[in-house]
Amino acid sequence: MTTTAELLADDPLWLILLKVVAIFVFLVVMTLLTIWAERRVIGRMQNRPGPNRAGPFGILQSLADGLKLAFKEDIRPVLADKWIYFLAPVISATPALVSFSVIPIGPEVTIFGERTALQLVDLPVGLLVVLACASVGVYGIVLAGWASGSPYPLLGSLRSAAQVISYEIAMGLSFVAVIMYAGTMSTSGIVEAQESGWFFLLLPFSFAVYVVSMVGETNRAPFDLPEAESELVGGFHTEYSSLKFALFFLAEYINMVTVSALATTLFLGGWHAPWPLSLVGDGMFNTGWWPVLWFLGKTLAFLFFFIWLRGTLPRLRYDQFMNLGWKVLVPCSLLWIMAVVVIRALRNDEAVSTQQFLIGGAVVIAVLLVATFLIPDRRPAQDTDEVPLAGSGYPIPPIDLQVPESPPRPVRAGAAGEVERAEGEEAPHGNV
């Protein structure tokens, strides 16, 4: 057991319940603030004000929308499966709340005279708990599409299942190098292993793969294909309204907060203060309640990254998205894991010094850059049926072009009862 696990094992029941309530309130409040911040930030990016009526700076707009959803009419389609239609939003939202329980928010503190850690539970397989919750959450989406009794939600749910499975594999592979360097799958142990250096500097490729995978895992733009309005109306929750739709909305934003907090835990040192604040006062800012501030700041930076992507990048095609997951992220992650294993074996045997390792890495990067510039661009195949263009860019008509004759005009009765002659016949004198 880690030190944190031994400390948490002595927590009284009232303190455990207090932590559960605090995590629930934190995630709900973060959801409301993230929705508000997303509207404000994208509004600023698109040169418009965003919400600015409900409360100062529109900060109560998300709360007003939540109350509006609570009082909207709750409908159920006639062809829907009653119980599964009702349980699907619950199955989707519950794992999103549970997965945050293994995230360490801070070190040892004292709450009402009780020594404890700012974490609900510390498991030896904490990372597997997060992956398991992500896997269970997709069942809610699939069941919601199936139970709605409509083809469009079903298509959206199938897209989501393929998407989550694909990018969950890449996300799991990005954990492997972190586990190798930390020597544990406990989230608190991983944070302690980064006391002397953060893993995003040591494992940059794993960090990049995780960042891409977390966007695909949460169905966020530019990977929001299950909710592609242009093709699937509204995705898997098309037939949902009122509080059931609010649960899906809540699950999406809670998952955003969870993967952002997990990225902070795995690659940005968790609750450790950034350099050079970590050197002030012999680590004073890494004790007490200060680490909560650093943890929240790093998590908010990742949430801003989500918003920035939505306001910047267009949505990918489905084939591009799946090719990125299966043909780029997964194979490159496997090669990266092999490289990390070889490097660690050489470092442990002291066969290669740090200087030699850095020189070798610089040479490899230089060779890859030179190869990138020397490889010629692939030109598209010439289309034999392509229409030739003139110098001004307009298509040239063929030489043997024959313009078809105009069809004869139909015969219509005139206003005075006379029959108008078709085009080409000579009209009598006096008629116009």
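The values are calculated or read from the model by the stated rules, or taken from the named source; none is laboratory data. Not measured: the values here are computed from a predicted model. With ideal geometry, Cβ positions are generated from the backbone for all residues, glycine too; neighbour counts draw on all protein chains shown. The accessibility values were calculated without ligands, DNA or RNA, using every heavy atom of the protein model including side chains. Shrake-Rupley method; radii C 1.70, N 1.55, O 1.52, S 1.80 Å.
Could you report the accessible area of K72 in Å², rounded to 10, computed with a 1.4 Å probe on the protein chains as they sit in the structure?
100
Extension gain D282-L309, at 0.36 nm per residue separation less the Cα-Cα distance, in nm?
Length difference between fully extended and current span is 5.9 nm.
Sequence gap of 8 or more, or different chains, plus Cα separation below 27 Å: how many lysine pairs satisfy both in the chain?
7
Could you check the spin-label model distance between R44 and F57? Points 7 Å from the Cα along Cα→Cβ, value in nm.
Reported label-point gap for R44 and F57 is 0.8 nm.
With axes computed from alpha carbons, what is the tilt in degrees of helix 13-45 against the longest principal axis of the chain, rounded to the nearest 10 within 0 to 90?
Long axis of 13-45 versus the principal axis of the chain: about 40 degrees.
List the longest stretch of the chain that has no exposed loop site; here a site is one of the GluC sites (Glu not before Pro) assigned by DSSP to anything other than H, G, I, E or B, with at most 16 other Cβ within 10 Å.
Longest run free of exposed loop sites: 196-349.
How big is the accessible area of I59 in square angstrom, nearest 10, if you roll a 1.4 angstrom probe over the protein chains?
70
Using only the alpha-carbon atoms, how far is helix 151-182 inclined from the longest principal axis of the chain? Give it as 0 to 90 degrees, nearest 10.
Approximately 30 degrees, to the nearest ten.
How far is helix 204-217 tilted off the main Cα axis of the chain, in degrees rounded to 10, range 0 to 90?
Between helix and principal axis, roughly 60 degrees.
Tell me whether the stretch 1-113 comes out rounded, prolate or oblate; compute the Cα gyration tensor, take square roots of the eigenvalues as a ≥ b ≥ c, and use a/c under 1.5 as the rounded threshold.
In terms of gyration-tensor shape, oblate.
I'd like the chymotrypsin sites (Phe, Trp or Tyr not before Pro) in the stretch 261-300 restricted to DSSP loop residues with at most 13 other Cβ atoms within 10 Å, sorted by number.
Of the chymotrypsin sites (Phe, Trp or Tyr not before Pro), the ones in loops of the stretch 261-300 whose Cβ has at most 13 other Cβ atoms within 10 Å are W289.
Between the DSSP loop rule and a limit of at most 10 other Cβ atoms within 10 Å, which chymotrypsin sites (Phe, Trp or Tyr not before Pro) in the stretch 37-140 are left?
Those that pass, being in a loop and sparsely packed, are F112.
Does the stretch 230-377 come out rounded, prolate or oblate by the C-alpha gyration tensor, with a ≥ b ≥ c the root eigenvalues, rounded set by a/c under 1.5 and, if not, prolate when a/b is larger than b/c and oblate if not?
oblate
Sort all Cα-Cα distances of the stretch 47-95 into consecutive 10 angstrom bins from zero, then give the percent of pairs in each bin up to the one containing the longest distance.
20, 30, 27, 20, 3
Only Cα pairs under 8 Å and at least 6 apart count here; give the relative contact order of the stretch 110-211 as a rounded whole percent.
Once divided by the residue count of the stretch 110-211, the mean separation gives 28 percent.
When only Cα pairs under 8 Å and 6 or more residues apart are kept, what is the percent relative contact order across the chain?
That works out to 17 percent.
What's the Kirkwood radius of the chain in Å, using all Cα pairs?
26.0
Between Q355 and A208, take the C-beta separation as r, use R0 = 22 Å, and let me know the FRET efficiency to the nearest 0.05.
0.30
Express the accessible area of the stretch 144-269 per residue in Å², computed with a 1.4 Å probe while the remaining protein chains stay in the model.
In whole numbers, the stretch 144-269 has 30 Å² accessible per residue.
Using alpha carbons only, how many angstrom separate the centre of the stretch 196-274 from the centre of the stretch 102-171?
The stretch 196-274 and the stretch 102-171 have Cα centres separated by 10 Å.
Each residue of the stretch 333-347 in order: what ³J(HN,Hα) in whole Hz does its phi give by Karplus 6.51 cos²θ - 1.76 cosθ + 1.60, θ = phi - 60°, with x for Gly and Pro?
Residue by residue, the stretch 333-347 yields 5, 5, 5, 5, 5, 4, 5, 5, 4, 5, 5, 5, 5, 5, 5 Hz.
Once phi is turned into θ = phi - 60°, what whole-Hz ³J(HN,Hα) does the Karplus curve with 6.51, -1.76 and 1.60 give for every residue of the stretch 124-130, x standing for Gly and Pro?
After applying 6.51 cos²θ - 1.76 cosθ + 1.60, I find x, 10, x, 5, 5, 5, 5 Hz.
What distance in nm separates the simple spin-label points at A64 and L368, each placed 7 Å from Cα in the Cβ direction?
Each label point lies 7 Å from its Cα, and together they span 5.0 nm.
How much of the accessible area of the chain, in percent, comes from carbon and sulfur atoms when a 1.4 Å probe is used?
67
Over the stretch 179-249, what is the relative contact order in whole percent, taking alpha-carbon pairs under 8 Å and six or more residues apart?
Rounded, it is 11 percent for the stretch 179-249.
Over the stretch 3-108, with the other protein chains present, what is the accessible area per residue in square angstrom, probe 1.4 angstrom?
59
Under a plain spin-label model, where a point goes 7 Å from the Cα along Cα-to-Cβ, how far apart in nm are S406 and L334?
Those two pseudo-labels are separated by 6.8 nm.
Which shape class applies to the stretch 92-157: rounded if a/c is under 1.5, otherwise prolate when a/b exceeds b/c and oblate if not, where a ≥ b ≥ c are the square roots of the Cα gyration tensor eigenvalues?
prolate
Can you figure out the FRET efficiency of W275 with V121, using R₀ = 41 Å and their beta-carbon distance, to the nearest 0.05?
Calculated transfer efficiency: 0.85.
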